[in-house]
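These notes are about the structure you will find just below.
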Amino acid sequence: MKVGFIGLGRMGEVMVRRLIDGGHEVGVYNRTAAKSEALTKFGAKVTDSVAAAARYGEAVFTMLADDAAVLDIVGRAAGLKDSLPRGGVHICCGTHSVAAIQKLKAAHGEAGQVLIAAPVLGRPEVVTAGQAGMVVGGAKPSVEHCRPLFAAIARRSFEAGAEPAAAAAIKLANNFVLGCAIEAMGEGFALVRKYGVVPEVFNDVMTDGLFNCSAYKTYGRLIVEERFLPAGHRVVMGLKDVNLAIAAAEAVGVPLPSANVWRDRLVGAVAHGESDHDWSAMARDQARASGLA
C-alpha cells in the first residue's frame with residue numbers, strides 16, 4: 001500500500017522502516033526536515049507538508065507525542081481534516097487521551113473521513129524486532145483494508161472494536177499496569193539492597209519464577225544496570241501517560257489508587273533532572289527515598 005506518515009521520533013522512525021520492509025511505499029513528513037531526509041536511504045519519500053503527507057496514499061499515520069500535537073495536526077488550516085479526501089483514513093498511533101481520540105473521531109466524521117486508533121505496545125527496539133503489538137479500534141471495513149499495514153509493524157494486532165476510544169483506553173490501562181509494575185520493582189530492589197542483597201540476585205529470583213516475562217526481564221535488567229539512558233520511554237512521557245490514565249478513570253468513576261504512587265515516583269525523577277531518562281529511572285527515585293546511593 002501507499003501511505004503517508006507524520007511524526008518521526010524514535011518510534012515513528014522504526015515504524016516507517018517496518019512499513020518499508022513490509023513492501024509499502026511511505027511518504028514521510030516531520031517538522032524537523034532532517035529526520036525525514038534521514039529515512040530516504042531506507043526508501044522513504046519526503047513530503048513537504050502535512051497536506052502532502054495526508055494525500056500521499058490510501059491512509060496517513062500519525063505518531064505524535066501528545067494530544068496537543070495530534071489535535072493541531074488534524075485541526076489546523078491545511079491539516080488532516082482539510083487535506084484527507086472523503087473516505088480517507090487517519091491511523092493514529094500515539095498514546096493519547098480518550099477525550100482527544102473522541103474529538104478526532106468527531107472531526108474526521110464531519111469531513112467524511114475515518115479515524116482508526118492504533119496505539120503501539122512496545123519500546124522502539126521491540127518494534128524494530130517485529131515483536132510489538134498494536135491495539136486497533138475503528139470501523140471494521142477500514143480496519144480490514146489497513147490490516148496489511150498493521151501486520152508490517154506488529155507481531156499481532158488486538159481488536160478493540162468499532163470505537164477508536166476503546167483502543168486508547170486499552171493502551172492507557174496497559175501503560176498503567178506496566179508503570180505500576182516498574183514502580184513496584186523499584187520498591188523490591190530497594191528493600192533487598194537494604195539487607196545487603198546484590199540486585200542481580202533478586203532480579204534472577206524475580207524473573208525466573210512468577211515474573212518470567214519480557215516486561216520484568218527488560219525493566220529488571222535496566223534497573224540492575226542503572227541503564228536509564230538512552231530512554232526507550234522517557235520519564236516525562238510516563239508522567240503524561242499516568243495523567244491520561246487518571247483522567248480516563250475519573251471520567252467513568254474508576255478509582256486508581258496505585259496510579260498516585262506511580263505518578264509520585266515519576267514526579268520525583270523529574271525533580272532530580274531526569275525527565276529525559278527512561279521511565280524505569282523511577283527505581284532510582286525509590287532508592288533515593290530509601291536512603292540508598
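None of the figures in this text is laboratory data; all of them are computed from the coordinates on show. Treat the numbers as computed from the prediction; the structure is a model and nothing was measured. Note that we place each Cβ from the backbone using ideal geometry, even for glycine, and neighbour counts take in every protein chain shown.
Details
- The range 2-162: relative contact order as a whole-number percent, Cα under 8 Å and 6+ apart: 20
- The mean sequence separation of alpha-carbon pairs under 8 Å and at least six residues apart, normalised by the residue count of the chain, gives a relative contact order of 14 percent.
- C-alpha long axis of helix 214-225 to longest principal axis of the chain, angle in °: 60
- Packing-based exposure ordering (other Cβ within 10 Å, fewest first) of Asp278, Asp264: Asp264, Asp278
- Ranked by how many other Cβ atoms sit within 10 Å of their own Cβ, fewest first, the residues Cys146, Cys213, Cys93 fall in the order Cys213, Cys146, Cys93.
- Gln102 paired with Ala78, simple spin-label distance in nm, labels 7 Å along Cα-to-beta-carbon: 3.3
- Local electrostatic count at Gln286 - Lys and Arg +1, Asp and Glu -1, tallied over other residues with Cβ under 11 Å: 0
- The dipole here belongs to the range 1-100: it is taken about the Cα centre, uses +1 on the Cβ of Lys and Arg and -1 on the Cβ of Asp and Glu, and is about 160 debye.
- Added length on full extension, which subtracts the Cα-Cα distance from 0.36 nm per residue, Ala184 to Ala52: 43.0 nm
- Restricting attention to the chain, close to 15% of DSSP beta bridges with both partner residues there are antiparallel.
- Filter on Lys81/Lys171; Lys171/Lys240; Lys81/Lys105 - keep pairs with C-alpha separation over 18 Å: Lys81/Lys171
- Three-way shape call for the chain based on the alpha-carbon gyration tensor, with the a/c threshold at 1.5: prolate
- J(HN,Hα) series, the range 84-95, from Karplus relation 6.51 cos²θ - 1.76 cosθ + 1.60, nearest Hz, glycine and proline x: 5, x, 4, x, x, 10, 9, 9, 9, 9, x, 8
- FRET efficiency for the Leu292 to Ser258 pair, using the beta carbon distance and R₀ = 25 Å, is estimated at 0.65.
- The amide H of Ala117, built 1.01 Å from its N in the peptide plane, has Cys92, Gly137 as neighbours under 5 Å, considering only residues 5 or more places off or on other chains.
- Computed FRET value (nearest 0.05) for Leu191 with Asp66, which takes r as the C-beta separation and R₀ as 30 Å: 0.30
- Taking every DSSP beta bridge that has both ends in the range 2-162, the antiparallel portion is near 10%.
- Euclidean distance between Cα centres, the range 229-293 to the range 93-131, Å: 22
- Label-to-label distance, nm, for residues given as Arg221 and Val198 (7 Å Cα→Cβ offset): 1.8
- Spacing of the two label points (7 Å from each Cα toward its C-beta) at Glu25 and His145, in nm: 1.8
- For the range 25-58 and the range 70-86, distance of Cα centres in Å: 16
- The angle between the Cα long axis of helix 257-271 and the longest principal axis of the Cα atoms of the chain comes to about 90 degrees, rounded to the nearest 10.
- Loop-resident sites, the range 144-250, for trypsin sites (Lys or Arg not before Pro), counting at most 16 other Cβ within 10 Å (DSSP): Arg155, Arg227
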